[in-house]
Amino acid sequence: MADFSDSKDYGTAIYPVHAKEASDLFSRIEPILVPKKLISRYLKGINLNFKDGSTLDSEDLKDRINMAMNEFEELTGILVSPTVIKQKVPYDRALYRQYMHVKSEKAPIMSLFSFRIVSAGGDEIFEIPIEWIEAAGFSYGQINVIPLLQSYTSMGVAAQGSGGIALLSILENSFHFVPRFWEIEYTTGLCNKDGRLPSIVNQVVGMIAAIEILSEKAADDADTSVSISRDGVSQSRSGPGAAKYQARIDKLEEKKDKLIEKLKGRFSRKYFVGNF
Amino acid sequence: MRLWAQTLKNYMNINCFEKTSEWTVRENEENLLYFQLVDADKDNLRYISKATVLTVDVTFPSIDDDSEFTVTASNPDVDDKSVFCITIPDDATPASGNFTVSVTEDGKTRKFVVLAGISVELLNPGSC
């Protein structure tokens, strides 16, 4: 677990991105999806019993939702619940000159705990003062260090910065590229508070779970035609069989893919422009 | 034996309650919540501890140290020691999702996670 008392954030909501304030007249945020909500949104009218007598009970639906959330994380690269990440990024002189342009593995960044130079042995060599960190690009995982602050003159930062500035200026003339140079520690997630998600994320998670459940149901109904006859009396019935829910599944797949693309675009940048 | 907690709602007495897949509560309200200890290896048959000293704690996790909290459960009725209740104070809102139950019987502790056991309705749903 983490202590958030000494971390840097941009001071706005994670969703909608950069929202400073929002009226609560309209709901964009929800608790994590629960079985009852999944049924009311995507599975109304679907018989959750199977021919062999088994049924999808609420614990099964919870499991499907949990699987869908994990699938969502892999499909988007976005972690759903707040998670502290520690990673190392290289020193690149060209990027260093652009105010230490650093990209995190995961985005959005909720808050940054530390930005340090740490040796391969794990020893801390220097920590960038948190006041110098520019947080405006946190929503798509961009960290910059911009020490152009009024606090340059304040006692606290000046004391930390005086040695640091010397070290950082030596760096600029020493190396072109050092792998795994900076170590950053930050929290990523989709909401500033635990247990909440943007409705749009619940929507996608629900679609993934519903597609899975509808596929299971379709496979349970494989017969396309059934006929019974006896003593000159006969009855026959035909239907779509395993393709029963195919139209619904296709619609959900299509919409899910579109929403995932939108969400990935919201929290990342597809291309990167350097200045070499 | 694998213990597990079945969440309950509309608890009146040990003969009158409903099983629910999760507790649904509102944030910033005091909530009295019930659950029953069951044995997951015996088709969720209720579990009554024979321990002389029994402590049951429920922890609502959070990534933020300041938001995580633990409450101690008590038996609402001496006639069924499988049923427990907890009170969530109005100043400690749990987060929706999993919670952890710790059962200590005469010094021996078992812990388990209840998947998506609580859903907390929000008062400020505009942004987060």
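The numbers here are math on the coordinates, done by the rules we state, and not lab data. Remember, it's a predicted structure, so these values are computed and weren't measured experimentally. Note that we place each Cβ from the backbone using ideal geometry, even for glycine, and neighbour counts take in every protein chain shown.
Taking every Cα-Cα distance in chain B and sorting them into 10 Å bins from zero, the calculated P(r) comes out as 12, 45, 32, 9, 1 percent. Ranked by how many other Cβ atoms sit within 10 Å of their own Cβ, fewest first, the residues A:Thr188, B:Thr70, B:Thr109 fall in the order B:Thr109, B:Thr70, A:Thr188. Shown for chain A are the DSSP H helices of 20 Å or more along their axis, judged by Cα atoms, with a mean Kyte-Doolittle hydropathy of at least 0.0: A:155-174, A:199-219.
You can think of it this way: the chain between B:Ile48 and B:Leu123 has 23.2 nm of extra reach, that is 0.36 nm per residue less the Cα-Cα gap. Within 10 Å of the Cβ of each residue in A:190-199, the mean number of Cβ atoms contributed by other protein chains is 6. The distance between label points at A:Asp57 and A:Val178 comes to 5.9 nm (points 7 Å beyond Cα on the Cα→Cβ vector). Among the listed pairs A:Lys36/A:Lys251; A:Lys44/B:Lys19; A:Lys88/A:Lys251; A:Lys86/A:Lys255, a Cα-Cα separation exceeding 30 Å is found for A:Lys88/A:Lys251; A:Lys86/A:Lys255. Just how far, in whole angstrom, is the range A:16-86 from the range B:86-128 if you go by their alpha carbon centroids? After rounding, the separation between the Cα centres reads 18 Å.
Translational diffusion coefficient of chain A at 37 °C, 0.692 mPa s, Stokes-Einstein with Kirkwood Rh over Cα pairs, in µm²/s as a whole number.
On the way: Rh = 22.4 Å.
Answer from the Stokes-Einstein relation: 147 µm²/s.
Farthest toward the positive end of the dipole of the protein assembly as shown, out of B:Thr59, A:Ile200, A:Leu112, is the Cα of A:Ile200, where the dipole comes from beta carbon charges about the Cα centre. By the beta-carbon count within 10 Å of each Cβ, the least crowded to most crowded order of A:Val118, B:Val101, fewest first, is A:Val118, B:Val101. Value of Rg to Rh for the range A:188-256, rounded to two decimals, is 1.32; Kirkwood radius and Rg both from alpha-carbon coordinates.
Summing Cβ point charges (Lys, Arg +1; Asp, Glu -1) relative to the Cα centre of the protein assembly as shown gives a dipole of roughly 1380 debye. Counted residue by residue at 0.36 nm each, then reduced by the alpha carbon distance between them, the extension gain from A:Asp6 to A:Ser199 reaches 66.5 nm. A prolate overall shape is assigned to the range A:41-125, the ratio a/c of its alpha-carbon gyration tensor axes (a ≥ b ≥ c) being 1.5 or greater and a/b exceeding b/c.
Extension gain for A:Arg230 to A:Glu21 (0.36 nm times residue separation, less C-alpha to C-alpha distance): 68.0 nm.
Quick check on the exposure proxy: order A:Ser238, A:Ser114 from fewest to most C-beta atoms within 10 angstrom.
By the 10 Å Cβ count, ascending: A:Ser238, A:Ser114.
Applying a 4.7 Å Cβ-Cβ cutoff to chain B, the cysteines left without a disulfide-compatible partner are B:Cys16, B:Cys85.
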